[in-house]
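Remarks on the structure that follows.
The values are calculated or read from the model by the stated rules, or taken from the named source; none is laboratory data. Remember, it's a predicted structure, so these values are computed and weren't measured experimentally. Virtual Cβ from ideal backbone geometry, glycine too; neighbours counted across all protein chains shown. Calculation scope for accessible area: heavy atoms of the full protein, side chains included, ligands and nucleic acids excluded. Shrake-Rupley method; radii C 1.70, N 1.55, O 1.52, S 1.80 Å.
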Amino acid sequence: MRGQAAKGRPIVLCHALFVLLLLSMYLPGLNNAKATPTAMTAACVMAEIMVIYQSIRGKNRRAAGDLGAVLFLALLAWQVLTTRMGLGHIILTPAPEAVFHVFYAQRVRMVTGIFSSLSLLAIGFAISLPLGTALGLLVGWNPRLRDSFVPLARVLSPIPAIIYAPYLIALMPSFRAASAAVLVIGIFWPTFLQMVARVGSLDKRVVDSAVVLGLSQRELLWEVFLPWLLPGVLTGLRSSLSSAFMLLTLAEMMGAHSGLGYFIKNFADYANYTNVLAGILLVALVITALNKLVGILEQKLVRWT
């Protein structure tokens with residue numbers, strides 16, 4: 001009983017903070033926010049529904065309650081300090097209601113930016129992931145190639161891919177092509193080195209046994225190498241996703257006319273930090289959604305992990 005009560009406390013605290021947050025938005029009195037709280041209310045209600053859904057499922061109930069409590073507490077503190085107490089810089093620390101209202105007011109530009117950034121990200125992964133995996137497999141399996149190319153890769157891979165951006169912008173026919181090239185470089189090297197290490201860690205006795213059993217080269221690839229490499233590919237995809245999105249955002253800040261990085265940079269040039277904060281929150285939401293999607297893909301494709 002005590003254990004169940006302890007597990008339920010974070011959920012109760014989360015619900016209480018949610019109610020306090022709503023009261024802080026709608027109770028009469030001093031309120032310095034210049035935007036309607038409708039968008040913020042909708043976001044908070046969605047978060048509360050997700051917490052309730054997780055608590056009903058019974059999985060990670062305490063974690064969902066803790067996360068919801070932290071989120072609502074942060075929003076409540078932000079709300080009270082800016083709209084009720086009038087603290088903070090009027091430009092640099094906008095009210096949360098105004099920031100969330102941007103998601104409605106700028107919804108068309110935000111959706112366009114998401115599709116622009118995700119299409120570039122897809123191009124980068126579509127080129128670099130198969131290329132890095134195939135070359136990593138080839139170099140990792142051949143000792144001569146491994147001794148020749150791995151030292152060179154260890155010299156080139158630490159160079160931040162964004163450094164190539166000014167040269168690639170001048171070299172490539174369009175900025176979009178230059179941004180895609182930056183992503184390809186940034187994703188290729190970690191994928192390549194990870195595949196080399198993964199192939200090198202495969203016990204050669206397993207391969208020798210497969211050859212003795214009469215497996216063809218194609219069967220060896222699909223029955224031995226692919227099951228061994230696939231978890232590493234998906235793990236590498238999850239770990240490189242955030243860094244790739246960071247590269248993408250930085251590249252879009254250097255002269256693009258669309259995308260999430262452009263959205264943030266464009267409004268920062270005009271000191272519209274309300275929209276800048278909304279853009280930062282949007283980037284966080286997109287990365288979270290992509291990580292969740294990769295996790296689902298990993299569960300579906302690699303059932304033994």
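The figures follow:
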item	result
Qualifying residue in the range 259-271 (condition: among the hydroxyl-bearing types (Ser, Thr, Tyr) and farther than 20 Å from residue 291 by Cα)	yes
Filter result (of a type outside the set (Ser, Thr, Tyr), open to solvent by 70 Å² or more (accessible area, probe 1.4 Å) and assigned to a helix (DSSP H, G or I)) within the range 152-189	152, 154, 155, 163, 166, 170, 171, 176
Some residue of the range 253-266 being open to solvent by 20 Å² or more (accessible area, probe 1.4 Å), in a helix (DSSP H, G or I) and over 22 Å from residue 111 (Cα atoms)	no
Residue match in the range 204-224 (condition: aliphatic (A, V, I, L, M), at pLDDT below 90 and surrounded by 18 or more Cβ atoms within 10 Å (Cβ to Cβ))	no
Number of the exception - residue 83 against (1) at pLDDT below 90; (2) over 16 Å from residue 187 (Cα atoms); (3) assigned to a helix (DSSP H, G or I); (4) open to solvent by 30 Å² or more (accessible area, probe 1.4 Å)	(4)
